[in-house]
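Novice: Let me give you the structure first, and then I'll get to my questions.
Where a number appears in this text, it was derived from the coordinates with a stated rule and is not lab data. Here the structure is a predicted model, which means the values were calculated and not measured. Neighbour counts run over all protein chains shown; Cβ positions are idealised from the backbone, glycine included.
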Amino acid sequence: MTTLLSLPHSPREFGFYLDGAFHGGRPLFERASPAHGVPVSRIPKCTVADLEAAVVAARRAFEDRRWAGLPGAARGAVLLRAADILRRRRDEIAYWEVLENGKPISQARGEIDHCIACFEVGAGAARLLHGDSFNNLGDSLFGMVLREPVGVVGLITPWNFPFLILCERVPFILASGCTMVVKPSEVTSATTLLLAEVLAEAGLPNGVYNVITGSGRSIGQALTEHPDVDMLSFTGSTAVGRSCVHAAADSNFKKLGLELGGKNPIIVFADSDLEDAADGAAFGISFNTGQCCVSSSRLIVERSVAAEFEALVAAKMARIRVGDPLDAATQVGAITTAAQNDTILGYIARGTAEGAQLLAGGQAVDLGRGQYIAPTLFAGVTPDMAIAREEIFGPVLCSLRFDTVEEAIALANDTVYGLAASVWTKNIDKALTVTRRVRAGRFWVNTIMAGGPEMPLGGFRQSGWGREAGMSGVEEYTQTKSVHVELGKRAHWVTG
Ligand code: TXE
């Protein structure tokens, strides 16, 4: 039996969050549910002056040490309380994630569970964060390496995992002692604002977490250029990532963390459990409708089993339940924006025009309202095709074939990206050789999309800079200070 949640009767109006209070009075942007086409939220279009005020509040909260000056245990306690409140509000936050993003409710609930874990790991990281010491500099010199928070962080998040990407960063930024100004995607701002309620109830001091909503071109750009923001963490397109690098260079050389695109390989050897691997391939590209930076979008399959394997994947794709994301039985929901929907359909048309063969999907799914695309598999793809090279960010899997391990590795590395990769084989030599030689920040062997916030996340090459989550995630928001202490009397330089 499945349950279908209902839509809100009218759109909810949200305020932006500045220095511990919600504010209104700005023109509103109305967001419609991409799955249903009805308005669900009204989000303020903040001004650059609002952003300015938020940076001032975050700066004040950082400099007076109301947060950074607390023991790590006290910061950890706030994060643990936030985890408890998220547990209590899990279904409500998941519901808003569905309304604005279009992802299935069962998936959204699972994501909130992951977010709770992020806060718990962040709480531990706050307590464990430490520097280093050098006891080997000779008897007269002692060295300490202090870890200090970077300062005011600007955080720009995308629409594909509005709450999850937020929570893979916020607890770690807070654990480090930094303060922040968050600019969520204009189409999925609600849950970032709900987190403000959660953090306030958990006891986070005012001014530490601020949310300024609005467009990327105005508010996002101003945040990247702001001279009083010490670090910027950006997740989104490679093009905007590049503009963040320019903006940092042209303003104050702010530190950058970037998580950008991917064109992630899933390598399947003939000796793997083909049923398992086919399920992994169908899941890896269909999860979140393929709007996922770590989606496994390039299938690289050993030629001797390729036809059999592609048929297995196509059959599984045909059985995936695409539907209303408020239905608990749905596995694949709506495409989040009309622009993204057009982009994906455009790539599907291009794949056909380039001569690839469509084995599954390949068209929009008509549910009477909203925008949906069927999980799609192209066979006969060659490395020069646009569908094999460019990030589609939709449920479109492209199959390429190989004969040798070296060829598989070369195909996997034939991309400007390096976010994630997956290899399927029962042979330990092949598994480890591929793992060592393929350039990607996250790797899965005989599984896909597995993991928790204990492990660092991030990309090689044009997929980004820096690492989020785990101890690496909290260290990312710190900088080290090397302290040299003279023990006893220093030998004088001026001797004449
Ligand atoms: O991303 P944008 P879009 C990829 C994916 C997708 C493509 C375009 O391939 O098809 O990007 O998506 C803010 N200065 N990914 O156009 O524009 C914006 O408001 C500062 C991969 O939606 O990069 C939002 O908050 N900020 C990806 C955020 O940047 C700006 C996730 C992301 O939007 C800005 C999303 C500017 N000039 C898309 N312009 C991943 N790595 O997971 C926009 N923004």
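Novice: What angle do you read, to the nearest 10 degrees and between 0 and 90, between the alpha-carbon axis of helix 48-63 and the longest principal axis of the chain?
Specialist: The answer is roughly 50 degrees.
Novice: Moving on. Suppose we look only past 17 Å in the calculated P(r) of the range 112-235. What percent of the Cα-Cα pairs does that tail hold? Walk me through the intermediate numbers first.
Specialist: Numbers: 4627 of 7626 pairs.
Pairs farther apart than 17 Å: 61 percent.
Novice: Tell me, what is the Rg over Rh of the range 385-441, with Rh the Kirkwood radius over Cα pairs? Before the final figure, lay out the partial values.
Specialist: Values: Rg = 12.0 Å, Rh = 12.5 Å.
Computed over Cα atoms, the ratio is 0.96.
Novice: Would you report the distance distribution of C-alpha pairs in the range 241-336 as whole percents per 10 angstrom bin, up to the bin with the largest distance?
Specialist: Going from the shortest bin to the longest, the percentages are 14, 33, 24, 16, 11, 1.
Novice: Moving on to the next point. Just need log10 I(q)/I(0) for the range 274-400 at q = 0.09, 0.16 Å⁻¹, Debye formula, equal scatterers on the alpha-carbon atoms, no solvent, rounded to two decimals.
Specialist: -0.22, -0.70
Novice: Hey, if you put +1 on the Cβ of every Lys and Arg and -1 on every Asp and Glu Cβ in the range 56-175, which of Leu99, Ala117, Val153 ends up farthest toward the positive end of that dipole?
Specialist: The listed residue farthest towards the positive side: Leu99.
Novice: Now for a separate question. For the chain, calculate the relative contact order in percent as a whole number, restricting contacts to Cα pairs under 8 Å that are 6 or more residues apart.
Specialist: It rounds to 19 percent for the chain.
Novice: OK, next. Counting only trypsin sites (Lys or Arg not before Pro) that are in a DSSP loop and have at most 12 other C-beta atoms within 10 Å, tell me the longest site-free stretch of the chain.
Specialist: Longest stretch, sites excluded: 66-320.
Novice: Among Leu80, Leu397, Leu155, which comes first, second and so on when ranked by fewest other beta-carbon atoms within 10 Å?
Specialist: Ranked by crowding around the Cβ, least crowded first: Leu80, Leu155, Leu397.
Novice: Short version: what are the Cα gyration tensor semi-axes of the range 420-462, square root of 5 times each eigenvalue, largest first, in whole Å?
Specialist: Over the Cα atoms of the range 420-462, the semi-axes work out to 18, 13, 7 Å.
Novice: Please give every one of the lysines within straight-line cross-link reach of Lys316, meaning a C-alpha to C-alpha distance under 28 Å, and leave out same-chain neighbours fewer than 8 residues apart.
Specialist: Straight-distance partners of Lys316: Lys103, Lys263, Lys426, Lys430.
Novice: 5 Å is the cut-off here: which amide hydrogens, built 1.01 Å from N in the peptide plane, fall below it relative to Leu155, excluding neighbours closer than 5 in sequence?
Specialist: Distant-sequence amide H within range of Leu155: Val181, Val182, Lys183, Ser233.
Novice: I want to verify the translational diffusion coefficient of the range 35-172 in µm²/s; compute it with Stokes-Einstein, Rh as the Kirkwood radius over Cα pairs, at 25 °C and 0.890 mPa s.
Specialist: Here the translational diffusion coefficient equals 137 µm²/s.
Novice: Shifting gears a bit: Alpha carbons only, please: Rg and Dmax for the chain, in angstrom.
Specialist: For the chain, the Cα-based Rg and Dmax read 24.0, 93 Å.
Novice: Give the order of Asp50, Asp84 when sorted by the count of other beta carbons within 10 angstrom, beginning with the fewest.
Specialist: Values: Asp50 22, Asp84 15.
Ranking Asp50, Asp84 by Cβ neighbours within 10 Å, fewest first, gives Asp84, Asp50.
Novice: Over the C-alpha atoms of the range 82-161, what are the Rg and the largest Cα-to-Cα span, Dmax, in Å?
Specialist: 20.1, 64
Novice: Now a separate question. Taking the Cβ of Glu201 as the centre, find all other residues whose Cβ is under 12 Å away and add up their charges (Lys, Arg: +1; Asp, Glu: -1).
Specialist: Numbers: positive: Arg81, Arg88, Arg89; negative: Asp84, Glu197.
So the surrounding residues net to +1.
Novice: Report the semi-axes of the equivalent ellipsoid for the range 453-496 in whole Å, largest first, where each axis is √(5λ) for an eigenvalue λ of the Cα gyration tensor.
Specialist: Largest first, the range 453-496 gives 42, 14, 6 Å.
Novice: In which sequence would Trp159, Trp96 go, from the one with the fewest C-beta neighbours within 10 Å to the one with the most?
Specialist: Trp159, Trp96
Novice: So what's the convex hull volume per residue for the Cα atoms of the range 167-222, in Å³?
Specialist: About 84 Å³ per residue, rounded to a whole number.
Novice: Something else now. Under the rule of -39500 (n - 2.57) per DSSP H run of 4 or more residues, summed and divided by the residues of the chain, what mean residue ellipticity at 222 nm is obtained, to the nearest 500 deg cm²/dmol?
Specialist: Here the helix-only value at 222 nm equals -12000 deg cm²/dmol.
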